[in-house]
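Shown next, in structure tokens, is the structure this report addresses.
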Amino acid sequence: MATRTDAPTRREQILREAARLFAERGFHGVGVDEIGAAVGISGPGLYRHFAGKDAMLAELLVGISGQLLTGGKRRVAEAAGGPETLLDSLIEGHIDFALDDRPLIVLHDRELDRLRDSDRKLVRQLQRQYVELWVEVVREVYPELAEPAARSAVHSVFGLLNSTPHLGRAGSLPGRGATAALLHRMARGAFASAAD
């Protein structure tokens, strides 16, 4: 969530703990008192930062969708190599998200339908833009792939990478570096296979 190295703000702390608790017990299984206790404030104290749990959920899901798109655009803008290097950079960025923000993946899978229509539409719009950014790069690397096939391949790779919450507890993985390298090889293999 926070990409800078200084201490997270109270708002960021609340969002991180809300994401963790919502992912563990479901949106309706967590009260504001529990979220407040997790960050050392009273439940009603959360209302100084958010209008309620719905606002936290919206900020989490809209926020991560926006961050993925912004990060992808930044990687495209800063690309210092050909399309292969750019595709590797996009994969690395998504792997970082998949390994570091596993609760947000669970939250998205379980709770997206709880968002207000306008927030859900915004999440979907941001996600479509993120997918299309990838499709363009994948088609540069694999020009023989038709656009629909490239889009399907991107969605398939996202499914692979976003499966990290189902790999077991974070401590049970072979190590972050080894897991990231494995996911990267699998993503590249999936794209190469789609192009065969």
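The values are calculated or read from the model by the stated rules, or taken from the named source; none is laboratory data. Bear in mind that the values here come from a model prediction, so they are computed numbers and not experimental data. Here Cβ is always computed from backbone atoms with ideal geometry, including for glycine, and neighbour counts include all displayed protein chains. Just so you know, the surface numbers come from the protein's heavy atoms only, side chains and all, with ligands and any DNA or RNA stripped out. Shrake-Rupley method; radii C 1.70, N 1.55, O 1.52, S 1.80 Å.
Taking only the C-alpha atoms, wrap a convex hull around the range 102-196 and report its volume per residue in Å³ as a whole number. About 102 Å³ per residue, rounded to a whole number. Note on the chain: with neighbouring protein chains present and a 1.4 Å probe, carbon and sulfur make up 53 percent of its accessible heavy-atom surface. The alpha-carbon atoms of the range 146-196, seen along their principal axes, cover 40, 16, 11 angstrom, with the largest extent given first.
Each Lys and Arg Cβ is given +1 and each Asp and Glu Cβ -1; about its Cα centre, the chain then shows a dipole of about 420 debye. Since only S42, I91, A80 are under comparison, the one whose Cα sits farthest along the positive direction of the charge dipole of the range 1-137, derived from C-beta charges on Lys, Arg, Asp and Glu, is S42. Annotation: extensible slack from E140 through K73 equals 22.5 nm (criterion: 0.36 nm per residue apart, minus Cα-Cα distance).
Among 95-102, 108-115, 132-139, sorting by the average number of other beta carbon atoms lying within 10 angstrom of each residue, highest first, gives 132-139, 95-102, 108-115. Seen from G40, the other residues with C-beta closer than 12 Å to its C-beta sum to a net charge of 0, counting Lys and Arg as +1 and Asp and Glu as -1.
Entry comment: accessible area of the range 53-195 is 50 Å² per residue, from protein heavy atoms only and a probe of 1.4 Å. Local charge for H49 was computed over the other residues whose Cβ lies under 9 Å away, with Lys and Arg +1 and Asp and Glu -1, and equals +3. Protection proxy ranking of 18-28, 69-79, by the mean of other Cβ atoms within 10 Å over each peptide's residues and highest first, is 18-28, 69-79. The stretch between R128 and R188, if pulled fully straight at 0.36 nm per residue, gains 19.5 nm over its current Cα-Cα span. The candidate values were (i) 151; (ii) 128; (iii) 112; the one computed from these coordinates for volume of the Cα convex hull per residue in Å³ carries the label (ii). Full extension of the chain between D54 and E147 yields a length gain of 29.8 nm, computed as 0.36 nm times the residue separation minus the alpha carbon distance.
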